[in-house]
1. Given (1) at pLDDT below 85; (2) over 60 Å from the mean Cα position of the chain (by Cα), where does THR97 come up short, assuming only one miss?
2. In region 218-274, what count of residues is obtained for those that are assigned to a helix (DSSP H, G or I), modelled with pLDDT of 80 or more and of a type in the set (Lys, Arg)?
3. Checking the structure you have, find out if any residue of region 397-408 is in contact (Cβ under 8 Å) with a residue 24 or more places away in the chain, among the hydroxyl-bearing types (Ser, Thr, Tyr) and more than 23 Å from HIS486 (Cβ to Cβ).
4. Give the residue that is farthest from LYS735 (Cα to Cα), with candidates limited to residues of region 677-694 that are over 33 Å from the mean Cα position of the chain (by Cα) and open to solvent by less than 60 Å² (accessible area, probe 1.4 Å).
5. Go through the residues of region 193-209 one by one and say whether even a single one is more than 51 Å from the chain's Cα centre (by Cα), at pLDDT below 75, assigned to a strand (DSSP E or B) and among the hydrophobic types (A, V, I, L, M, F, W, C).
6. I want to confirm something. Restricting to region 269-286 and keeping residues that are of a type in the set (A, V, I, L, M, F, W, C) and touching a residue at least 40 places away in the same chain (Cβ under 8 Å), which single residue is farthest from CYS39 (Cα to Cα)?
7. Being in a loop (DSSP other than H, G, I, E, B) and over 22 Å from ALA239 (Cβ atoms) is the filter here, so list the residues in region 85-124 that pass it.
8. Is there any pair with a first residue in region 640-657 that is over 20 Å from SER628 (Cα atoms) and a second that is basic (Lys, Arg) and assigned to a strand (DSSP E or B) whose Cβ atoms are under 7 Å apart and which are 6 or more apart or on different chains, and what are they?
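The values are calculated or read from the model by the stated rules, or taken from the named source; none is laboratory data. The structure presented is a predicted model; accordingly, all values stated were derived computationally and were not measured. Cβ placement follows ideal geometry from the backbone for every residue including glycine, while neighbour counts extend to all protein chains displayed. Side chains are part of the model used for accessible areas, which takes the heavy atoms of the whole protein and leaves out ligands, DNA and RNA. Shrake-Rupley method; radii C 1.70, N 1.55, O 1.52, S 1.80 Å.
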Amino acid sequence: MRNTTLQERPNPESRPTSQFFGLRMKFVVLFSLILIMTCSSLSWYFIETRRQAMTDNLQELGTILLTNTVRNEHFRVAGVVLEDRVTLEQFIQSLMTIDHVVYVVIAASDGRILDQQSKRIRRSPNGFSPAMEQPRYLNDRISQSLLQAPLTTPLITRVVLSPDETLVAQDESSDWLLPFLIGKETLFDFAMPILRESQAAPFRPQLSIELEEKTGSALPIHTSPVVGLVRIGITDLQAKEALLVIVRNVSILTFLIIAGGIFGAHLLTSRITTPLRSLANSARQLAQGNDAPIRLMTSTNDEVGELTHVFNDMTRSLYERNQAITKNLETIQRQIRQLTTVHQASSAIASANMLDMNQLLDTLLPLLVDNLGFSRMAFLLRHPDRNGASIARIIGVPKEIEQTARRLDIPIVAGSISEELLIHGKPVLIHDIETIAHRLYPPVLELMHYSGLQSIVAVPLQSRAMILGYLAADRGAKKCTEDDLHILLTIAGHVAAAIDNAKAYSDLEELTQHLEERIEQRTDELSRANTQLQEHDRHRSTFLSVVSHELRTPMTAIRSFAENMLDGVTGPLTELQHTYLTRIQHNVARLGRIIVQLLDWSRLDTKKVELRLEKVCVHQIATIVADSLQMVASEKNISLSITPVESLPPVQGDRDKLEQILMNLIGNGIKFTPSGGHVTVECCVSPPGFVQTCIVDSGCGIELSHLPNIFEEFSRVPSAMPTSQGAQLGLCITKTLVTMHRGQIWAESQPAVGSRFYFTLPLAESQDEQS
C-alpha cells in the first residue's frame, strides 16, 4: 500500500532547489533595489541642488559685474564717451582677472567695438592650423538690438556649446578636454546698454581743462539715450569642475552606504533562511515517505522557533493520519473503481450517436450490465395515453422469459411500485421482493419468481420534467445495496436523455416526411403563383409605358397652352387667371416628373438598366447640375453653391446616371428649402478609396423616426412642405443607382434646421484593382 501511495506523489527531487533564487536572495535583491533607489534619489537631489545654486551664483556674479561697470561714472565718461583706450583697458583687465569671465566687449553707440578681450579662441576644425585660431565672441546681433532698446537691466543670454564649437582656453592648452568629461560648456552672455544721465536734455560731460585741451574743440551733443554697450561672457566650466568633485565624493559615499546595507541585509536574512532551509529539508524527507516523525531542534524563541514547534506537531499529526488513511485506502480505491465504471458508461451513452430506439436499447443495456456488474437489467417504457407501461427490453434472462415479458402490459394503479416510479418519480430499493409482493403486478411477480429474483433496484428515467420509464436491475443471489441505487441514479439522467433524443428523432422523422409532402404541394402552388406574378409584372411594365406615353401628349398640350396664355398670346390676364395658370403649369411639371420617376423605377425594378462606366469627375458633374438648377434656385431666392476642391481623383461611373443622382438630391434640397435658404454641394475623399459627396440644405428637415424609410419606394414620409412632395420615388431611384455603382447613400437631418445627404462612389483606381 505504501508503494502505491509513494508512486502517486510528485517527486520532490524534480523540483528546482537552486539556492541562488531562494528567499534570502529575493530579500537581499529587494532591499538592495530600495536602498539603491533611495540613495540615488537623494544623491541626485543634492547634486541637482548644488548645480542650480552654482548656476544662480554665476548669473548673480555676471549681473553685479555688468551693473557696476555700466554705472561707473569714470568708465562711462572717460572710457565710452571719450573713447579713452587706457581707461577701457584698465576696466577690461580688472574684469578679465575674474576666473569665470571669458570675454568682455565694449561697443560705442554706433555699434563700433571700442575694446574687447577674450580668454578663449575658436580652434580650427582640423586642429593643425594655428593661423586659423581666432578669439571667440558670441553673435553681435544682441549688441545691435540693445543699442536700439535702452534697457536698464542686464539682458542674459544662455548658450550651450556643441562639441564642434568648443572654446579653447588661451592660457591652459589642456583644458579643452574638460567639456567632454563633464558635459557641454554653457556660456552666459550678460549685455546692457550704457545710458546717459538725463534723457531730458542733451548730454555734455564735465571734463577737466586738460581733457578739453586734448580734444581741441567742444564735444558734440548726443541726442540718443544709449552712449555705448558692455557685454560680459561668463562660463560655467569652473563650476562644473567643482560639481564633478562633489559628484565623485557623493558617488563614493553612496556606494559605501549601499554596500553596507546589502551586507547587513545578507546577515539578517541568513538568520531567517537557515532554519527555514532545515524545515524544507525535513519536509522533503517527509514527502519522500519517511514514516518516522522528524523532530527539529529550536535555537530561538522568535517566529522561526514557533514555526519549528508547529512543524514538529504537524509531522506527528501527519504520521497518525497516515495510519488512518492506510486503513481506508481499500474502500476508497473500490469506490474509485465504481465511479470510473460509471463515468465510462456515461461517456459511452453521451457519445453514442444513436437515434433509433431499438438500436439504442440493444447497445445501452449490455453496456450497463458489463460495466456495472448487474446480472439482469430491464427497461420499462411508459405509455401515458393508456396509463400503463411495457417492458421494452430485458437482458440476462432466457429467451422464453424475454418474449413473455415483452408481451406484458403493466397498468399503473394506486399504491403499486409502478406508480411510485412512473408517477411520483421516486427510486426504489427492494432487499426482498416478498415484502412488497402485494404492490407488484401479478404476472410480473410470477416472472420474478420464475427467474429467481430476490432483490431489485429501480430508478425512474426523467428528461425535461417528463418521466419516460424506469430502469430495473438485480445482482442475482446478492442483495442490492445503496451503492447500486446511487450508481443507477447517477447514470439515469444520461440514459433518459439518450432515450428522449431517440423518441424525438422518431417524431421528427415522421414530421419531416409529412412536411416534405406539404412542401412539395406548396412548391407547385408557388410555381403557379410565380408564373402569374411574372405575367402581372409584364402587364404592369406595359401599362406604365403606355400610360406615360398617353399622358405625355395631353400634358404637353396643356403645358403649351398654359405657357402661351401666361406669355399674353390670348390677351391680357387678370391676377386670378395668372395665379390659376401658374398652378396649372407647376402641377403639369410635377406630374411630368412623377411619370419620369415611375418609368425609371419600372426599368430599375425589372433590371433593364445598364451602366456605361467611364472615368468621370464627380465635382465637375455636380457643377454642371448646379448650373442647370441655378435658375430654379434663383426663382425661390435660394443660394446654390459648390464648395471648391483641389485634385479630386476620378471615379468609375455612368455620367448620365450620376447627373440623375445629383439632379434628384440637389433638386430635393431646392424643393424642400424655403425662400432665403441655401443648398451646398461638398466633395472630398473619405473614407479612403471612395469619393464622398454631401448635399447640405437649410430646409424643413425630416423627423428622426422617418429617416430609415426615406429611401423606400412610395414611402409616405410626412413633410413640413407637402406641396413639394411627389410620388416619393426619387430617393428610391437614387439609392438604386448609387448601389449599382458599388457605393452607399445615407442621410442626416434635424427638423427645422436642414438635412445632409451623403453618397460615396469608389475611386477608378480601386475599381481597376478589383477587376
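1. Failing condition for THR97: (1).
2. 2
3. Yes: one or more hits.
4. Taking region 677-694 and keeping what is over 33 Å from the mean Cα position of the chain (by Cα), we get 677-681.
Retained after the next criterion (residues that are open to solvent by less than 60 Å² (accessible area, probe 1.4 Å)): 677, 679-681.
Values: GLY677: 25, VAL679: 20, THR680: 20, VAL681: 18 Å.
The residue in question is GLY677.
5. yes
6. Pass one, region 269-286, residues of a type in the set (A, V, I, L, M, F, W, C): 272, 276, 279-280, 283, 286.
Next, from what is left, pick out any that are touching a residue at least 40 places away in the same chain (Cβ under 8 Å): 272, 276.
Working: ILE272: 26, LEU276: 31 Å.
Here the residue is LEU276.
7. Within region 85-124, the subset in a loop (DSSP other than H, G, I, E, B) is 97-100, 109-112, 119, 123-124.
Those that are in a loop (DSSP other than H, G, I, E, B) and over 22 Å from ALA239 (Cβ atoms): SER109, ASP110, GLY111, ARG112, ARG123, SER124.
8. From region 640-657, the pairs are PRO650/LYS615; GLN652/LYS615.
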